[in-house]
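A short worksheet on the structure shown next.
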Amino acid sequence: MSRSLLAFLIFCALLVLCSAGLVWYVGPTLAGIVIDESRRENPYYLVQLWPAAAVAIDAGDPSYRARLNALAREEQGRVLWRGGQADVHAGSLLLDAASAQVMEFESGADLVQLLTSSPYRALQAGFGDLPVNYLGSATAPPALSGDLTTVLVLFRVGDGQSAEPLGAPGETGWLALVPRYQGRVLWRTVVEGIRGAGSWNRLLVLQFPDRSGALSWLQDPATVTEQALAARHVDDMTVLVVQPEMPARWNNRTVPNSSNSPRLGKVSASISPSGR
């Protein structure tokens with residue numbers, strides 16, 4: 001064996017070991033962002049499903065969500081949409097999803113920087129590694145209103161499945177009756193699990209004028225029938241109905257640093273109505 005061939009084989013072995021180490025350290029999705037220039041250098045979007053403990057607020061001790069949002073701002077992240085109370089309408093009753101939000105990062109690299117930083121690890125440890133669900137997307141969402149009821153639909157499709165397994169609004173399938181109840185499908189995107197997130201790889205975001213309209217659509221007999229039929233094409237379908245957040249929850253809330261808070265993690269920022 002020539003020296004050049006031996007050196008090449010050693011290089012390949014080291015590359016494999018480094019790649020395996022990266023996947024082990026940050027997880028497959030974040031490792032993919034690091035390797036993929038398009039996701040690494042362009043805007044990236046994070047969908048977050050919060051467990052109840054992440055949004056609970058104690059006097060003088062801001063929530064996990066508030067602290068994480070403050071850390072995200074330091075890494076060029078901003079809240080695009082934030083919902084209030086979420087209820088699991090369909091899917092696993094064990095899913096702890098009390099609220100949800102969507103964030104934008106200027107680049108995938110900024111998200112990786114946040115989720116591998118020491119302050120983030122300290123925050124996780126301080127709150128006992130909460131069972132959060134984070135999903136990432138390289139597709140930008142449209143403007144989502146904070147004043148409407150939002151329906152998040154998460155599911156998994158296999159290779160070779162239809163691109164639109166749930167149909168189309170005003171036409172066919174599970175989504176056919178959405179316009180009848182004044183709803184709109186605003187965001188259809190491929191997602192990838194970053195933290196938790198089960199096996200989901202698709203997300204639909206719909207908005208309705210109010211909770212009554214959203215539930216009327218979901219409970220319409222035709223919609224119920226189409227959901228049963230859709231089970232032949234999608235797996236692990238979960239539907240969350242998210243109410244608008246009370247405006248008072250946004251105002252004048254300060255996140256102290258670790259020196260004056262019982263939680264761990266150095267975070268200092270004020271929460272504004274835009275979440276920025």
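No value in this document is a laboratory result; all are computed from the given coordinates. A quick note: this is a predicted structure, and the numbers were derived from the prediction, not measured. When we count neighbours, we look across all protein chains shown, and the Cβ atoms used for this are built from the backbone with ideal geometry, even at glycine.
Points to keep in mind about this one:
- Computed E for residue 222/residue 52 - FRET, C-beta separation, R0 41 angstrom, nearest 0.05: 0.80
- Spherically averaged projected area in nm², based on the convex hull that wraps the Cα atoms of region 36-154: 8.1
- Label point distance in nm, residue 236-residue 113, each placed 7 Å from Cα along Cα→Cβ: 3.1
- Each residue, residue 210 and residue 35, gets one label point 7 Å from its Cα in the Cβ direction; the gap between the two is 5.1 nm.
- Environment charge at residue 155 (Cβ cut-off 15 Å; Lys +1, Arg +1, Asp -1, Glu -1): -2
- Each residue of region 108-124 was assigned a 3J(HN,Hα) from its phi angle through the Karplus expression (A = 6.51, B = -1.76, C = 1.60, θ = phi - 60°), giving x, 4, 5, 5, 4, 4, 4, 6, 10, 7, 5, x, 5, 5, 5, 4, 4 Hz with x at Gly and Pro.
- Placing one equal scatterer on every Cα of region 178-227 and applying the Debye formula, the log10 ratio I(q)/I(0) at q = 0.13, 0.17, 0.28 Å⁻¹ is -0.41, -0.64, -0.99.
- 3J(HN,Hα) couplings calculated from phi for region 70-85 with the Karplus curve 6.51 cos²θ - 1.76 cosθ + 1.60 (θ = phi - 60°) are, in sequence order, 5, 4, 4, 4, 6, 10, 6, x, 8, 7, 8, 8, 9, x, x, 5 Hz; Gly and Pro show x.
- Calculated from the alpha-carbon coordinates, region 92-165 shows an Rg and a Dmax of 15.8, 43 Å respectively.
- Here is the tail figure for region 161-250: Cα pairs spaced more than 20 Å apart come to 39 percent of all pairs.
- Proximal charge balance of residue 115 [Cβ under 11 Å; K/R count +1, D/E count -1]: 0
- Expressed as a fraction of 2.2 N^0.38 Å, the C-alpha radius of gyration for region 79-211 is 1.14.
- Extension gain, residue 121 back to residue 168 (0.36 nm per residue minus Cα-Cα distance, nm): 12.7 nm
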